[in-house]
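Have a look at the structure below before the remarks.
The values are calculated or read from the model by the stated rules, or taken from the named source; none is laboratory data. Small disclaimer: the values here were computed from a predicted structure and weren't measured. Ideal geometry is used to build each Cβ from the backbone, glycine not excepted, and the neighbour counts take in all protein chains shown.
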Amino acid sequence: MNRRTTRRTALFATAALTAAFAIAGCSDSSDSAKDGKPVLKVTGAFMPQPVTSEMAGGFMVIENTSDTADKLTSVTSTISDDVQVHETKDQKMQQVKSMDVPANGELRLERGGSHVMFMGLKNTPKVGDKVAVELHFEKADPVKVELDVKERTYNSTHH
Ligand SMILES: [Cu+2]
């Protein structure tokens with residue numbers, strides 16, 4: 001398929017989709033704040049350069065500026081088929097099914113605390129690289145984030 005054909009197909013699909021929504025009458029609810037979904041903002045996302053390809057940690061702050069509480073339910077990435085959300089208790093980390101993102105609050109994924117853990121890396125990123133991840137939430141739409149790969153001692157979420 002050449003580029004022109006692809007583009008025309010995409011345009012047609014969009015038009016068909018718009019028509020379908022119009023017929024279903026779904027368009028009038030879209031004016032309210034993101035359909036009542038929480039509004040999330042991610043800052044300071046980074047991954048310390050992994051020592052081996054076995055695993056890597058991911059850190060960031062997920063800010064919720066809405067009145068609706070949400071939960072981080074999973075993380076996906078092209079770098080690993082097994083990305084986990086870990087909490088740290090008594091200096092031991094364990095996998096959890098979800099993590100709260102409180103209304104008008106934030107979820108801090110930081111060193112020594114909760115974090116994202118990438119198991120079985122498909123490659124070993126170096127300082128300066130970016131690792132793309134997608135965060136999935138119970139209510140909010142998925143959020144795509146790029147983690148900056150930093151030196152192993154780097155800490156952006158430190159206060
Ligand atoms: Cu961990």
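Annotations for the structure displayed:
- Within the range 84-107, considering residues that are on the phi > 0 side of the Ramachandran plot and at pLDDT below 95, the one nearest to the ligand (Cβ to nearest atom): Q91
- Filter result for V127 (over 15 Å from the mean Cα position of the chain (by Cα) and in the same structural domain as M47 (by TED's automatic domain parsing)): yes
- Of the set (1) assigned to a strand (DSSP E or B); (2) not assigned by TED's automatic domain parsing to the domain that holds V83, all apply to N155 but (1).
- Per the listing V127, V131, the residue uniquely part of a strand (DSSP E or B), away from the ligand (no atom under 14 Å from the Cβ), within 19 Å of Y154 (Cα to Cα) and of a type in the set (A, V, I, L, M) is V131.
- Residue pairs whose Cβ atoms lie under 9 Å apart, separated by 6 or more positions or on different chains, with the first residue in the range 92-107 and in the same structural domain as S74 (by TED's automatic domain parsing) and the second assigned to a loop (DSSP other than H, G, I, E, B) and within 15 Å of the ligand (Cβ to nearest atom), are M93/S114; V96/S114; M99/S114; L107/S114.
- Complete set of residues in the range 45-59 that are buried (at least 17 other Cβ atoms within 10 Å of the Cβ) and in contact with a Ser or Thr (Cβ under 7 Å, 6 or more places away or on another chain): F46, P50, F59
- Among residues of the range 52-83, those that are more than 17 Å from A132 (Cβ to Cβ) and within 14 Å of the ligand (Cβ to nearest atom), counted: 2
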